[in-house]
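Participant: Pasting a structure below so you can have a look.
The values are calculated or read from the model by the stated rules, or taken from the named source; none is laboratory data. None of these values were measured; they are calculated from a predicted model. Backbone-built Cβ (ideal geometry, glycine too); neighbour counts: all protein chains shown.
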Amino acid sequence: MTLVCEGAGVRIGAKQLLAAASVQLRPGRVTAILGPNGAGKSTLLSLLSGQRQPTEGRVLLEGRPLQAHGAAALALRRAVMPQESSVAFDFTAREIVALGRFPHRRTPSADEDAIVAEAMALTDVAALAPRILNTLSGGEKARVHLARALAQIWHPPADGAERWLLLDEPTAALDLAHQHAAMRLLREWAARGVGVVAVLHDLNLARRYADEAIVLGATTGLRQGPVAEVLQPALIEEVWSMPCEQVERADGTVQYLFG
Amino acid sequence: MDAKHEPALDCARLPRRRALGLLAASAGALAWPAAQAQAGKAPRLVTVSGAITEVAYLLGAESQLVGTDTTSLYPAAARSTPKVGYMRQLSAEGLLSLKPDAVIATTEAGPPVVLDLVRSAGVKVELVEADHTWDEVQRKVQAVGRAAGREAQARELQARLDADWAAARKQVAAAGGRKPRVLFVLSHSASPQVSGGRTAANAVIGFAGGVNALSGFDGYRPMTAEAMASAAPDIILTSGQSIEAHGGVEKFWARPELALTPAYRKRALVTLDALLLLGFGPRMPQAVRETHEKFVALLA
Amino acid sequence: MRNRWSPRAVLGGGALLLALAFVAAAASGAYAISPAQLLRVFGALLTGGDDASPEYLVFANIRLPRLILGIAAGAGLGMAGTLMQGLFRNPLADPGLIGISSGAALAAGVTIVLGAAFLPAVPRTLGSWPLVSMAFAGGFLVTLLIYGLSQSEGGTRMALMLLAGIAINALAGAGLGYLSVVATDEQLRSLQFWLLGSLGGARWSAVALVGAVVFVACAMAMTLAGPLNAIALGESQAALLGVDVERVKRRAVVVTAFAVGAVTATTGIIGFIGLIAPHWVRMAAGPDHRVVLPASGLLGAALVLAADAVARTVVAPAELPLGVLTAAIGVPMFLLMLRHFRSRV
């Protein structure tokens with residue numbers, strides 16, 4: 001049921017990309033991975049997705065190492081939205097989203113076309129379907145890749161296994177309205193049982209939409225816990241070296257002021 | 001005598017009925033030249049190699065020539081016959097489109113698969129071995145005579161040429177004296193090459209009363225200054241085309257490799273047209289005589 | 001917004017183009033065969049009947065094997081070009097990048113120029129088995145070398161393959177340069193003809209072999225179509241979609257080595273087909289490899305047939321080397337491609 005890192009770290013030569021980390025992730029919630037640049041957020045995400053192998057420790061999904069599951073089996077229930085991606089050739093946005101269904105080519109659903117269309121509608125790129133991806137703006141491209149990730153794990157697997165959605169800075173290129181729309185979307189999917197893990201750089205988005213936070217700090221090490229407990233101004237000030245004040249809106253949402 | 005070749009009709013690959021059909025057709029087509037000859041028509045010829053074309057003209061068979069290759073440049077009329085391409089890259093369909101009865105070439109012609117295809121279409125393909133002897137010239141005369149149906153003229157020509165040849169050999173032998181060390185340089189397109197044993201040039205040097213300054217290897221090698229210096233030729237023999245390719249005699253002598261040779265000091269150079277000199281055709285006696293006379297003049 | 005042809009239209013159009021090219025090529029040649037005679041010959045071929053006419057002989061023994069070889073060559077080169085472009089994720093890639101052409105050329109050069117010392121009586125012209133075998137072996141070995149040089153801890157690195165390819169190709173070029181210098185005039189001419197390519201070495205045994213290899217290669221290539229689409233997203237993204245990227249690379253290199261190797265060994269170097277056929281298809285139909293792979297095969301075959309028809313007729317009874325014509329089409333197309341890329345937003 002869980003996605004777990006047991007002392008997993010990555011070292012390349014003399015450089016420690018990620019100090020040994022132990023995290024436990026459960027589906028049905030949104031977990032935000034936070035930290036300053038170079039803290040190892042993307043590295044941690046790539047360990048969780050199986051993109052990278054740990055040089056120490058191990059990463060387990062439902063008790064078995066990720067590698068033991070096999071790439072094809074993982075692709076049926078785990079989707080990754082990359083931070084950036086260069087797409088070769090003039091594929092249309094629709095074709096890119098349709099590639100998200102590639103892992104299901106042996107056992108297609110009855111509604112493959114509908115999945116692609118609905119995924120694109122969810123991220124507000126339906127109108128861009130016939131456009132060539134490489135001609136779109138950064139934000140439009142990001143939403144297309146998000147739609148692709150959603151399409152990949154659209155239906156729950158037949159064996160009842162949990163689905164995972166891993167995103168690396170999904171909101172980085174998006175404009176304000178789309179940032180919030182995307183985060184709301186992620187909450188909805190988490191509510192339906194998907195395990196959502198997102199590397200975020202915006203603390204306010206994380207505080208508002210995530211259930212759990214993993215903070216990677218140089219001096220504080222790794223902290224994991226409910227977002228309200230972990231993201232205390234004192235910790236934020238130490239990890240990000242920025243004075244931080246917490247404010248609360250009338251409806252109870254907490255946000256941070258910096259500087 | 002023929003170079004090794006693979007069967008053109010790979011019957012195993014074709015369905016049996018078609019293979020039988022093709023065999024029957026080949027047999028039928030073999031009747032082609034025979035039928036022609038019977039009908040009294042003169043056989044149509046394609047000659048590949050300059051010397052063989054020359055023979056055809058000397059036998060009076062030029063009206064029978066339907067095609068020649070790109071090395072067939074003498075006499076001048078040969079240049080305006082249809083050209084079947086370079087002798088090593090012939091086209092089967094191209095040859096057959098001229099509807100020849102016979103193709104006469106040296107064993108250097110190719111590709112072999114093309115010659116096989118032409119043969120299997122019922123065309124007589126005569127290949128003459130090029131071994132750089134007077135025999136070679138005789139074989140060419142005989143081959144063309146046979147193919148053109150002019151055996152009588154061929155015998156006549158052969159007798160004439162034999163006499164000519166004997167006279168030329170006698171002239172060379174009679175001159176006596178020291179045999180000059182001669183080195184042949186070929187430089188039509190690529191970098192200059194010099195010839196060792198088993199080459200046409202080597203044979204001609206010998207016939208003309210000289211000695212090949214290069215020994216110890218066969219075929220052609222690139223010209224190097226050291227090789228030239230140790231060979232120490234008295235005379236440089238080359239083709240007109242090589243001089244042209246250099247842009248004239250002065251530029252030819254300007255080559256650094258030649259500067260260390262005895263020939264350079266006296267500018268001892270003998271130049272002949274490439275086809276005349278190396279073609280081993282009916283003008284061979286003339287070529288040997290001319291070369292010999294030039295040697296003698298330079299040594300005097 | 002671009003109007004793209006549907007897959008059906010592209011494949012249908014490609015097949016039609018090939019059929020037209022086949023008919024045109026079947027009807028052209030130095031040897032005059034009238035349309036009526038051609039129909040009669042086709043009839044005899046299809047029914048297996050007897051036909052002793054010279055037209056039948058010329059067509060069945062000389063022209064038809066060339067046509068079949070042309071189709072195999074064009075299909076193999078077009079399809080391999082698509083594979084390489086998908087693998088390198090670059091529309092300017094072509095099979096020559098991984099050394100098949102230069103390896104085959106070097107081996108051919110060695111056979112033609114140095115082979116005289118070892119096997120004097122054996123013919124070393126286009127279509128002879130010693131030359132064909134050496135060229136195939138040379139191409140294959142060089143590709144193997146380049147593939148080996150591109151291995152690193154994480155698997156095959158395409159950037160390494162590109163660099164290794166550039167280096168080894170340059171080395172092979174130097175080798176060919178040396179051979180050109182020590183070659184006699186005749187050997188040089190033979191080598192030049194080989195380097196310019198020709199379908200003149202076509203005889204049924206060779207054609208059947210090349211045809212079989214290309215057919216199997218095309219079938220295997222089709223299994224790579226979907227994965228190559230995923231690889232367009234990037235190798236790591238493709239792996240996250242469950243693609244065994246290492247296996248795709250290996251298979252693509254092997255398929256290309258066999259197909260292009262077999263073709264090049266028999267025909268010499270035929271350039272540009274692997275570069276332009278996939279590009280034209282993509283311009284019409286978009287980059288989906290499931291369409292581009294088969295369509296490039298069809299278009300490549302049509303191009304080779306058309307170029308060969310011109311090669312065989314324009315200086316009849318002699319022949320132009322095929323590579324001259326594919327370059328004549330290919331270079332202007334290449335320049336147009338560059339213009340197209342430059343002017344894109």
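Participant: Quick one: A:Pro130 ticks every box in (1) part of a loop (DSSP other than H, G, I, E, B); (2) within 14 Å of another protein chain (Cβ to nearest Cβ); (3) under 25 Å from A:Gly35 (Cα atoms) except a single one, so which number is it?
Facilitator: Evaluating A:Pro130 over (1) part of a loop (DSSP other than H, G, I, E, B); (2) within 14 Å of another protein chain (Cβ to nearest Cβ); (3) under 25 Å from A:Gly35 (Cα atoms) leaves (3) as the failure.
Participant: Are there any pairs, at least 6 apart or on different chains, whose C-beta atoms fall under 9 Å, with the first in the range A:34-51 and more than 14 Å from chain C (Cβ to nearest Cβ) and the second part of a helix (DSSP H, G or I) and acidic (Asp, Glu), and if so, which?
Facilitator: none
Participant: Across the range A:209-222, which residue is surrounded by the most Cβ atoms within 10 Å (Cβ to Cβ) among those that are of a type outside the set (A, V, I, L, M) and at pLDDT 95 or above?
Facilitator: Taking the range A:209-222 and keeping what is of a type outside the set (A, V, I, L, M), we get A:209, A:211-212, A:217, A:219-221.
When the remaining residues are screened for being at pLDDT 95 or above, the result is A:209, A:211-212.
On the way: A:Tyr209: 24, A:Asp211: 16, A:Glu212: 21.
Residue satisfying both the conditions and the ranking: A:Tyr209.
Participant: Still on this structure: Which fully enclosed helices (runs of 4 or more DSSP H) of the range C:7-64 have 3 or more residues being free of Cβ contacts under 8 Å to residues at least 12 places away in the same chain?
Facilitator: Values: elements: C:7-27, C:35-47, C:54-57.
Those helices (runs of 4 or more DSSP H) span C:7-27, C:35-47.
Participant: Applying the selection to the range C:290-315, what residues are within 14 Å of C:Ala25 (Cβ to Cβ) and either within 14 Å of chain B (Cβ to nearest Cβ) or charged (D, E, K, R) (or both)?
Facilitator: Scanning the range C:290-315 gives C:Asp308, C:Ala309, C:Val310, C:Ala311, C:Arg312, C:Thr313, C:Val314.
Participant: What are the residues in the range C:189-213 that are facing chain B (nearest Cβ under 9 Å), closer than 19 Å to C:Ala318 by Cα and free of Cβ contacts under 8 Å to residues at least 60 places away in the same chain, if any?
Facilitator: Scanning the range C:189-213 gives a single hit, C:Arg189.
Participant: Tell me, which residue of the range C:171-188 that is crowded, with 18+ Cβ neighbours inside 10 Å and modelled with pLDDT of 90 or more is farthest from the other protein chains (Cβ to nearest Cβ)?
Facilitator: Residue satisfying both the conditions and the ranking: C:Ala172.
Participant: Looking only at residues that are within 17 Å of C:Val182 (Cβ to Cβ) and surrounded by fewer than 19 Cβ atoms within 10 Å (Cβ to Cβ) in the range B:174-189, which one is farthest from the chain's Cα centre (by Cα)?
Facilitator: Among those that are within 17 Å of C:Val182 (Cβ to Cβ) and surrounded by fewer than 19 Cβ atoms within 10 Å (Cβ to Cβ), it is B:Ser189.
Participant: Which number in (1) surrounded by fewer than 22 Cβ atoms within 10 Å (Cβ to Cβ); (2) within 7 Å of another protein chain (Cβ to nearest Cβ) marks the one condition that C:Leu241 misses?
Facilitator: All conditions are met except number (1).
Participant: Separate question: Please go through the range A:142-167 and give me each residue that is touching a helix residue (DSSP H, G or I) at 6+ places or on another chain (Cβ under 6 Å) and of a type in the set (Lys, Arg), ordered by number.
Facilitator: Answer for the range A:142-167, where residues must be touching a helix residue (DSSP H, G or I) at 6+ places or on another chain (Cβ under 6 Å) and of a type in the set (Lys, Arg): just A:Arg148.
Participant: Exactly one of (1) over 19 Å from C:Arg203 (Cβ atoms); (2) within 7 Å of another protein chain (Cβ to nearest Cβ); (3) buried (at least 16 other Cβ atoms within 10 Å of the Cβ) is unmet by C:Phe22. Its number?
Facilitator: The number of the failed condition is (2).
Participant: Let me ask something else. If I filter the range C:52-70 for residues that are more than 10 Å from chain B (Cβ to nearest Cβ), charged (D, E, K, R) and touching a Gly at 6+ places or on another chain (Cβ under 8 Å), do I get at least one hit?
Facilitator: No, the range C:52-70 has no match at all.
Participant: If a residue must be within 30 Å of C:Asn3 (Cβ to Cβ), more than 7 Å from chain C (Cβ to nearest Cβ), surrounded by fewer than 20 Cβ atoms within 10 Å (Cβ to Cβ) and free of Cβ contacts under 8 Å to residues at least 40 places away in the same chain, how many such residues does the range A:85-109 contain?
Facilitator: Qualifying residue count, the range A:85-109: 1.
Participant: Same structure, new question: Among the strands (runs of 3 or more DSSP E) contained in the range A:28-125, which hold 2 or more residues that are of a type in the set (S, T, N, Q) and within 28 Å of C:Ala284 (Cα to Cα)?
Facilitator: Passing ranges: none, list empty.
Participant: Would you mind finding the one in C:Gly286, C:Gly268 that is at pLDDT below 95 and within 11 Å of chain A (Cβ to nearest Cβ)?
Facilitator: C:Gly286
Participant: Let me ask something additional. Among residues belonging to the range B:75-104 that are surrounded by 20 or more Cβ atoms within 10 Å (Cβ to Cβ) and among the hydroxyl-bearing types (Ser, Thr, Tyr), point out the one that is nearest to C:Ser34 (Cα to Cα).
Facilitator: By that ranking, first place goes to B:Ser97.
Participant: Here's something else I'd like to know. Could you grab me the full set of residues in the range C:192-239 that are more than 30 Å from A:Asp168 (Cα to Cα) and assigned to a loop (DSSP other than H, G, I, E, B)?
Facilitator: Step one: of the range C:192-239, the residues more than 30 Å from A:Asp168 (Cα to Cα) are C:192-223.
C:Gly197, C:Ser198, C:Leu199, C:Gly200, C:Gly201, C:Ala202, C:Arg203, C:Thr223, listed by residue number.
Participant: Can you say whether A:Ala68 is within 14 Å of another protein chain (Cβ to nearest Cβ), under 19 Å from A:Arg163 (Cα atoms) and without any contact (Cβ under 8 Å) to a residue 12 or more places away in the chain, as far as the supplied structure shows?
Facilitator: Taking the combined requirement at face value, the residue does not satisfy it.
Participant: I'm trying to understand the selection: among the residues of the range C:240-260, which are charged (D, E, K, R) and part of a helix (DSSP H, G or I)?
Facilitator: Our first condition is that a residue be charged (D, E, K, R); within the range C:240-260, this holds for C:244, C:246-247, C:249-251.
If the condition is that a residue be charged (D, E, K, R) and part of a helix (DSSP H, G or I), then C:Glu246, C:Arg247, C:Lys249, C:Arg250, C:Arg251 are the ones that fit.
Participant: Can I ask one more? Given the criteria away from chain A (no Cβ under 14 Å), under 18 Å from the mean Cα position of the chain (by Cα) and not hydrophobic (A, V, I, L, M, F, W, C), does C:Pro91 qualify?
Facilitator: Judged against the criteria, C:Pro91 is not a match.
Participant: Just the residues that are under 18 Å from A:Leu200 (Cα atoms) and touching a helix residue (DSSP H, G or I) at 6+ places or on another chain (Cβ under 9 Å), please, taken from the range A:32-53.
Facilitator: A:Ala32, A:Ile33, A:Leu34, A:Gly35, A:Pro36, A:Ala39, A:Ser46, A:Leu47, A:Leu48, A:Ser49
Participant: While we're looking at this one, here's another question. Within the range B:79-101, track down each residue that is facing chain C (nearest Cβ under 8 Å) and among the β-branched types (Val, Ile, Thr).
Facilitator: B:Val84
Participant: Return a yes/no flag: does the range A:223-238 have any residue that is under 18 Å from the mean Cα position of the chain (by Cα), in a loop (DSSP other than H, G, I, E, B) and either at pLDDT below 95 or under 30 Å from A:Arg77 (Cβ atoms) (or both).
Facilitator: no
Participant: Assuming C:Ala72 fulfils every condition listed in (1) assigned to a helix (DSSP H, G or I); (2) more than 30 Å from the chain's Cα centre (by Cα); (3) among the small types (Gly, Ala, Ser) apart from one, which condition is it?
Facilitator: Of everything listed in (1) assigned to a helix (DSSP H, G or I); (2) more than 30 Å from the chain's Cα centre (by Cα); (3) among the small types (Gly, Ala, Ser), C:Ala72 misses just condition (2).
Participant: Do we have A:Arg208 as assigned to a strand (DSSP E or B), out of contact with any His (no Cβ under 7 Å at 6 or more places or on another chain) and not acidic (Asp, Glu) here?
Facilitator: no
Participant: So which pairs qualify, if the first residue must be in the range B:274-286 and of a type in the set (Lys, Arg), the second must be surrounded by fewer than 24 Cβ atoms within 10 Å (Cβ to Cβ), the Cβ gap must be under 6 Å, and the two must be at least 6 apart or on different chains?
Facilitator: Cβ pairs passing all conditions: B:Arg283/B:Leu276.
This table checks each residue for (1) under 16 Å from the mean Cα position of the chain (by Cα); (2) of a type in the set (D, E, K, R); (3) over 23 Å from C:Gln192 (Cβ atoms); (4) in the same structural domain as B:Val144 (by TED's automatic domain parsing).
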| residue | (1), (2), (3), (4) |
| --- | --- |
| B:Thr68 | yes, no, no, yes |
| B:Ala76 | no, no, yes, yes |
| B:Arg88 | yes, yes, no, yes |
| B:Glu93 | no, yes, no, yes |
| B:Lys99 | no, yes, yes, yes |
| B:Val103 | yes, no, yes, yes |
| B:Ala121 | no, no, yes, yes |
